Each structure stands twice: as structure tokens, then as C-alpha cells.
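A quick write-up on the structure given underneath.
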Amino acid sequence: MRTVTFLLIDQMLATGTVLPLEMLRGAESRARVQGEKSRIRLLTASLDGEPVSTRSGFAFPPDVALAEAPDSDIVYIPALWRNPRPALRRSGALLDWLRRQADAGAAISAVGTGVCFLAAAGLLDGKPATTHWHYFDRFASDYPKVKLKRQYFITQADKLFCAASVNALADVTVHLIRQLYDPAVASHVERNFSHEIRRPFEEIAYSEGAVHLHPDEEIVQAQTWLKEHCSEEVRLSEVAACFDMSVRSFNRRFKLATGQTPLQYLQNVRVDTARELLQSSNLSVNEIAEKVGYQDMGHFTALFKKFLSTTPSEYRTTVRAKLFRVNT
């Protein structure tokens, strides 16, 4: 069970919390439909345990006070309207808590001016970041050690994610859902919350270091190897030997770290690559199947439908519907 904590800060923009929270609830619901047990625990926490006032004027009650919040696997920091410095001055305990979570290996996502909390905690020193365009100059002045990437809507440094807007935050959340669950759940959430075509996280984010929500470094390397060789014939005995493991040990450690067998992970990677090609290329479905390692078109279609609950052709029609129109 992974703990996801949403920080509540006075005068925050509620969308930076409510949107990812509802997306993660959607992921939970979809996973249950697929017969999976719940994998996440969602919590909200304010500094003193009292409700916070949002920019829209309603009170947002937390589940717990920050001092009572458990160590988290994922943390969300909301944006504040315009100048975040008054809130930062009152947030010494929050910055300390963020440092502890980062040291413990939590993935932390901040949106808009909420990125200032990561910067003020020193977590972004020497690392890439982005924020709301209105605050670029002030951010660069206040945090000169941070590598501000003005041209990107998303940056990722290891397990620290910065999103310039709520739309970008939605992309970050889909990316995290894909790691917590699988491409089928992530695709379901993405298509329900944003029907129009969206570019994959890997194409739009400035990334510095791959993020994997587990600590087994050898399995991280194995995941990278499988991604790089997904278009080839893969023999798991050879992969296991590359990492000096028996097939049994490799399968056990991979499943323990990722929740999937190596074969399931490879299938996920191949289907995800096919999904991206269906979105962004004019290759035929047959050509895409071959590019992701499948010669049998029937097998590829069945696997794609198993993972994404739609056929490759239907998926392409859905995600590309808004790209084309008849000029009159």
C-alpha cells in the first residue's frame, strides 16, 4: 500500500489538489474493476490540522495535521495565487517535513508557485525546475541555485516533479499512475479526464534521472534494459544472466519491486510504445506491431485490448479525432 499525501496550504488553488486526487481515485476504481486490490492510501494534511482557506473561498478540511502525517510514497504540493512568500515564511515545519520525505525516497510533485516550497527547502539546488510563467523572474532571483527551465511545462529530477500548470500536473499524475498500476489503468484515467490527444510524459518533460518508485537498483537497470530492447526477441534467461541472477531469483525480485513479472512489464512497455506510435505516427497498425516486437497481428491486437480495453484501430481513432477536421 502506497501513501499519497496532499499538502493543504492557506490560500492555495484547490485545483492543484482536487484534480490529481480525483484522478488517483479514478485509478483506484478502475483497478478494482480489473480485480486488483487497492494499492494507494490518499491523505490530506495541513500544517496545524485545521481547515485551510482556498483561493476560491471555501474551506478545505484535512485528514490529519502535518505532525501526524505518515511517511509518504508520493507528495503533492499545490499552487498559491501569485506571491507565495508570505506562506513560505510560515512554513518552516513544512519545509523540514519535505526534506525528511525526500530523504526517505518519496516522489514529490509541485505545481505552479508550489514549486517554491521545494526550492525553499533546498531540494532543487543544482536541479532543473519550472513554475508558473508569471513567477519566472522572481523565482530565478530568489533561487539562483535552481536550474530554471522556462521553456518546459514539466521537469523531473529523480523523484522531484515540477509542473508549470494544472494541465501539466495532470500529465505528471498519469505518469505516476502508470508506475503505481499499469498502462491500462493510466490510459483509462487519461482518456476519461482528457479525451483529446496528449503527448507522452517522456516527450514533454525535461528529465534528469529516471524515476522508479522502488529502491532495487538492479531491477531499475533491468527495467531500463527491457525498455531499450522491447522491439527485439527477449529471452528472460538471457536478461537474468546479464544481471547475474537465476531466472527464479530475477522473477521474484522483479515482481517484489514492481508488482509485475518481467514478462508483464515487457508487455506493458511494448503496448505503451505502440500507444505512443498510434498517437504520433502514420505507421499502419501492422507496422507498429512489428516495431514493438510482435509478428502475429492477432496476438498484438488481443494484447493491446487486454491492456487498454480497446483495439489499436479504435484507440487511434479516439485520440486523433481532434487532429483532423474538414475545412469549409
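Details
- Residue count for the range 290-302 satisfying the condition of being buried (at least 19 other Cβ atoms within 10 Å of the Cβ) and out of contact with any Pro (no Cβ under 8 Å at 6 or more places or on another chain): 3.
- Residue count for the range 5-32, restricted to those that are without any contact (Cβ under 8 Å) to a residue 40 or more places away in the chain and among the hydroxyl-bearing types (Ser, Thr, Tyr): 1.
- Each residue in the range 269-288 was checked for being under 26 Å from the mean Cα position of the chain (by Cα) and either charged (D, E, K, R) or surrounded by 14 or more Cβ atoms within 10 Å (Cβ to Cβ) (or both), and 13 pass.
- Of the residues making up the range 228-246, those that are more than 23 Å from residue 291 (Cα to Cα) and surrounded by 11 or more Cβ atoms within 10 Å (Cβ to Cβ) are 240, 241, 242, 243, 245, 246.
- Scope the range 5-27; condition surrounded by 19 or more Cβ atoms within 10 Å (Cβ to Cβ), in contact with a strand residue (DSSP E or B) (Cβ under 8 Å, 6 or more places away or on another chain) and in a helix (DSSP H, G or I); matching residues: 16, 17, 20, 24, 27
- Residue within the range 273-283 that is modelled with pLDDT of 90 or more, outside the structural domain of residue 185 (by TED's automatic domain parsing) and of a type in the set (S, T, N, Q) present: no
- Matching helices (runs of 4 or more DSSP H) fully within the range 44-141 where at least 1 residues are over 16 Å from residue 10 (Cβ atoms): 92-103, 115-120
- Residue in the range 109-142 that is nearest to residue 172 (Cα to Cα), counting only those that are hydroxyl-bearing (Ser, Thr, Tyr) and either in contact (Cβ under 8 Å) with a residue 12 or more places away in the chain or in contact with a Leu (Cβ under 9 Å, 6 or more places away or on another chain) (or both): 109
- Considering the range 148-222, the qualifying helices (runs of 4 or more DSSP H), each wholly inside and each with 1 or more residues that are over 11 Å from the mean Cα position of the chain (by Cα), crowded, with 23+ Cβ neighbours inside 10 Å and at pLDDT 80 or above, run over 183-193.
- Scanning the range 41-82 for residues that are free of Cβ contacts under 8 Å to residues at least 12 places away in the same chain and surrounded by 21 or more Cβ atoms within 10 Å (Cβ to Cβ) yields a total of 0.
The values are calculated or read from the model by the stated rules, or taken from the named source; none is laboratory data. What you see is a predicted model; the values in this text were computed from it and never measured. For neighbour counting, all protein chains shown are included, and Cβ atoms are generated from backbone atoms with ideal geometry for every residue, glycine included.
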